[in-house]
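Notes for the one structure printed next.
The values are calculated or read from the model by the stated rules, or taken from the named source; none is laboratory data. Since this is a predicted model, take the numbers as computed values, not measurements. Quick reminder, even Gly has a Cβ in these numbers, built from the backbone with ideal geometry, and neighbours come from all protein chains shown.
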Amino acid sequence: MANLMTSMYTGISGLNVSQNALNTTAHNLTNVNTAGYVRQQVIIKDWGYENIGQAANYTNQIGLGTATEVVKQVRDRFFDQRYRLEFGRQGYYESQYKAVQEIEDIFGELEGVTFQKPLNDLWNSIQELAKEPDSIVTRTTFAKNAESFIERAETIYEQLQSYQINLNIQLTDKVNRINQLGKEIRDLNVKIRSYEASGQERANDLRDARNNCLDELGGLIDITYKEDAQGMVNISAEGVPFVNDTTVFEMGLKKESETSQMLKPIWKSTDTDVFNFDRVPSAEYNTDIGSLKGLLVARGSDSANYTDIPVREAYPTEEAYQIGVKEYNTMIEASVMRTIQAQFDQLIHGLVTAINDVFAPNKGAILAADVTLPDGKVLTGDSKIKILDEENAPVGQDENHTKGEAMFNRKGMDRYTVTTATVYVLDENGDKIVLDDTDPLNIIYQTETKEIYIYNEEDPDNNYSLFTLGEIEVNKKVMQNYSILPLSNAKTPAAYDNKAVEKLINLWNQSFATLGPNNSTHNTFTTYYTEFIGELSNRGYTLKNITENQEFAVNSLDTDRQNIMGVSSDEELANMLRFQHAYNAASRYVNVISEMLEHIIMRL
């Protein structure tokens, strides 16, 4: 009788397990098209055994039926980690590729509204000006094209800066989304722990939701994570704790500097930067991960200009120059936005200053006595300065034969400060001319006191002193009176200055600059812009290929994941038939035991 009751319980356990398996299979079929759903599988175990006798070599046992050990998710952690890693790398390069596309749209090379046109128009007007330098028509055309050239350059500059600042919106959205995902994962952690506290069942649907959050988070930022014994997932982002049990260490936003409009992500709890850009992110060190980082790298920490490109002549030693190149590679060249700003500004600065130096050439001078300038600044004796080279400077056609007027000015600073000063007379080599050197301790040099035009030199620490985009304008005096454009000979103002005209023509054929310290080709103004656009296109092409390759890798990994964790309707229908047969068999078994018990009871 007791064995029959045990057999009854054995049959009932088979019914329960089969019913559970059928429910799980139905759940899988219901979610066959649910994004992120992971196939669930019932693991069946023996319930236990009862000893009914002991033999010499073995123990006689009777089984007590079956039980559901766990309803587990069928997924591979290795594929999850690889997928999130490669998805994050795809986001990193995709953010930069989108930035290149925006920059190409700004320059209009693909839409036909190209910067090449005002550049060519300026060159053509210079050629026409060389043919008829005395013609007011050619002068007007040149001045108008110079104005159009600067206006177009300034428009591009403003659009680049606006786009750079507008990336704050994308940055803010990504940081907010990261914080939101952190909170969702924290809430799911709590729910999963509460649900699984009894140890009876796993919260698989909640785990699916949490894994979906981890997938998305992995595309935004580099993460590592680990699940503890209670089912809680602890996450680190960029090596810093992000989600710890029930706590989320949120990100915040802060200005790059007090004067900057650009934002950077920080950890609110410690007020420290989320990212360290002392080294350029790379696949070698596995640091090129996350669309948030890619966005910041593409944007850069600040706007750039031509002074950010290191030039060997500007450094006192080779060691100092190499330090400058290293800083350029880390802070400028790594950022597509800052690279474009610096290279484009170098073109505009070089062309503007070259044209200005034809109309208002400078030469070196040495002060023989202190000079107090109108703004109160004092230049001490023996200071080396630059002044207008009046002997070689052309003059205007106006009745005053105006000199020292350039085509382009700085908005916040005049080209020259006119004052009376005592300067040393220099020879052809720029050395002081000696009048009396009989006393070595008191050598007498030749000097002269006259009105001079002191050139206000560019200072990298003072943006208003630079011929840089945002600070350049066409000389308003020239635009109001084209006759003052200096192209006439200073000695015979009625004739044009052949040397000045020849210099203007030769500008386009002279070696100008390289695109950067890592380029060896010295370009003319024409070839510089071609190389500049070509390098931008090559950068975009490279980023596009990397992005597409990463997308292929991500899709391949996702396919491999889906082959494991995805729901196959055919397989699940086969399982349903299998578990239905098992349920029917258990049911028939229970019926047989029931009939046997009924027969015994009735006979008693």
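Values computed for the structure shown
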quantity	calculated
Unique residue being assigned to a helix (DSSP H, G or I), closer than 19 Å to Arg89 by Cα and of a type in the set (D, E, K, R) when the list is Arg207, Arg186, Arg177	Arg177
Residues located in segment 152-194, provided they are touching a residue at least 24 places away in the same chain (Cβ under 8 Å) and more than 27 Å from the chain's Cα centre (by Cα)	Glu184, Ile185, Arg186, Leu188, Asn189, Val190, Ile192, Arg193
Test set (1) assigned to a loop (DSSP other than H, G, I, E, B); (2) over 15 Å from Ile355 (Cα atoms) - Ala406 fails condition number	(2)
Filter result for Lys411 (closer than 17 Å to Thr447 by Cβ and in contact with a strand residue (DSSP E or B) (Cβ under 8 Å, 6 or more places away or on another chain))	no
Residue tally, condition assigned to a strand (DSSP E or B) and either farther than 24 Å from Ala368 by Cβ or touching a Cys at 6+ places or on another chain (Cβ under 8 Å) (or both), over segment 409-439	3
Selection status of Asp208, in contact with a Gly (Cβ under 7 Å, 6 or more places away or on another chain), within 30 Å of Tyr285 (Cβ to Cβ) and either among the β-branched types (Val, Ile, Thr) or touching a residue at least 60 places away in the same chain (Cβ under 8 Å) (or both)	no
Any chance Ser511 is within 20 Å of Asp357 (Cβ to Cβ) and assigned to a loop (DSSP other than H, G, I, E, B)	yes
Residue list for segment 61-77, filter: assigned to a loop (DSSP other than H, G, I, E, B) and over 60 Å from the mean Cα position of the chain (by Cα)	Leu64, Gly65
Yes/no for Leu253 being part of a helix (DSSP H, G or I), of a type outside the set (Val, Ile, Thr) and within 30 Å of Leu543 (Cα to Cα)	no
Which numbered condition Asp46 misses (of (1) touching a residue at least 12 places away in the same chain (Cβ under 8 Å); (2) within 26 Å of Cys213 (Cβ to Cβ))	(2)
So Ala500, is it over 11 Å from Val358 (Cα atoms) and at pLDDT below 85	no
Residue match in segment 150-169 (condition: touching a Leu at 6+ places or on another chain (Cβ under 6 Å), assigned to a helix (DSSP H, G or I), closer than 19 Å to Val100 by Cα and among the hydroxyl-bearing types (Ser, Thr, Tyr))	yes
Members of segment 210-248 that are over 19 Å from Thr270 (Cα atoms), among the hydrophobic types (A, V, I, L, M, F, W, C) and not in a strand (DSSP E or B)	Cys213, Leu214, Leu217, Leu220, Ala229, Met232
Residue in segment 315-323 that is among the acidic types (Asp, Glu) and exposed (fewer than 14 other Cβ atoms within 10 Å of the Cβ) present	yes
Residue match in segment 239-249 (condition: at pLDDT 95 or above and under 19 Å from Ile165 (Cα atoms))	no
Near pairs, Cβ below 7 angstrom, 6+ apart or cross-chain, from segment 467-487 (in contact (Cβ under 8 Å) with a residue 60 or more places away in the chain and closer than 19 Å to Asp134 by Cβ) to any residue that is surrounded by fewer than 17 Cβ atoms within 10 Å (Cβ to Cβ) and among the acidic types (Asp, Glu)	Asn481/Asp398; Ser483/Asp398; Ile484/Asp398
Any hit, segment 356-368, residues being surrounded by fewer than 16 Cβ atoms within 10 Å (Cβ to Cβ) and modelled with pLDDT under 90	no
Residue within segment 202-213 that is among the charged types (D, E, K, R), modelled with pLDDT under 95 and loosely packed, with under 15 Cβ neighbours inside 10 Å present	no
From the options Ile600, Ile593, residue that is in contact with a Ser or Thr (Cβ under 6 Å, 6 or more places away or on another chain) and either over 29 Å from Val352 (Cα atoms) or of a type in the set (Lys, Arg) (or both)	Ile593
Options Asn179, Asn189: the member that is buried (at least 20 other Cβ atoms within 10 Å of the Cβ) and either in contact with a strand residue (DSSP E or B) (Cβ under 9 Å, 6 or more places away or on another chain) or of a type outside the set (Phe, Trp, Tyr) (or both)	Asn189
Pairs with Cβ under 8 Å, 6+ apart, first in segment 440-465 and part of a helix (DSSP H, G or I), second aliphatic (A, V, I, L, M)	Tyr464/Met413; Ser465/Met413
Residues (within 17 Å of Ala21 (Cα to Cα) and not in a helix (DSSP H, G or I)) located in segment 547-603	Val567, Ser568
Residue satisfying all of: in segment 532-584; of a type in the set (D, E, K, R) and crowded, with 17+ Cβ neighbours inside 10 Å; nearest to Phe512 (Cα to Cα) among these	Arg539
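This table checks each residue for (1) touching a residue at least 40 places away in the same chain (Cβ under 8 Å); (2) charged (D, E, K, R).
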| site | (1), (2) |
| --- | --- |
| Phe107 | yes, no |
| Asp121 | no, yes |
| Glu132 | no, yes |
| Ser135 | no, no |
